[in-house]
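First the structure, in the form of structure tokens, and then the observations on it.
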Amino acid sequence: MGAELQEAERVIGADRRLEGFAVRRQGDELHLEREGESFARLLPVAAGKWRLEIFRKTEEWEIVDLTGTLEECLTQLAEDPRFQFWEG
């Protein structure tokens, strides 16, 4: 799991749209945080594949219809306006 955490940190550090995000491991999951609050998590589903979930104001995790590599999930998170609710 250490390699996956390092990969997520690398992807986040290389994409200025994800500036200010932190990633931490919680069990098998990777949680993305901004200002100490988790807003997205990645759950392993198969070798090298992850499922993206986001935390909405409803105080529940919402499964996003996206399963892919860490880089694919993080890139989608950065590019898709539906997931940029943390801004403003």
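For every residue, the table says whether it meets (1) open to solvent by 60 Å² or more (accessible area, probe 1.4 Å); (2) within 16 Å of residue 76 (Cα to Cα).
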position	(1), (2)
3	yes, no
8	no, yes
20	no, no
24	yes, no
28	yes, no
35	yes, no
38	no, no
47	yes, no
50	no, yes
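So in the range 52-79, with the set limited to residues that are at pLDDT 80 or above and open to solvent by 70 Å² or more (accessible area, probe 1.4 Å), which one is farthest from residue 6 (Cα to Cα)? Top of the filtered list is 79.
The values are calculated or read from the model by the stated rules, or taken from the named source; none is laboratory data. The structure displayed is predicted, hence computed values, not measured ones. Side chains included, ligands, DNA and RNA excluded: accessible areas come from the protein's heavy atoms. Shrake-Rupley method; radii C 1.70, N 1.55, O 1.52, S 1.80 Å.
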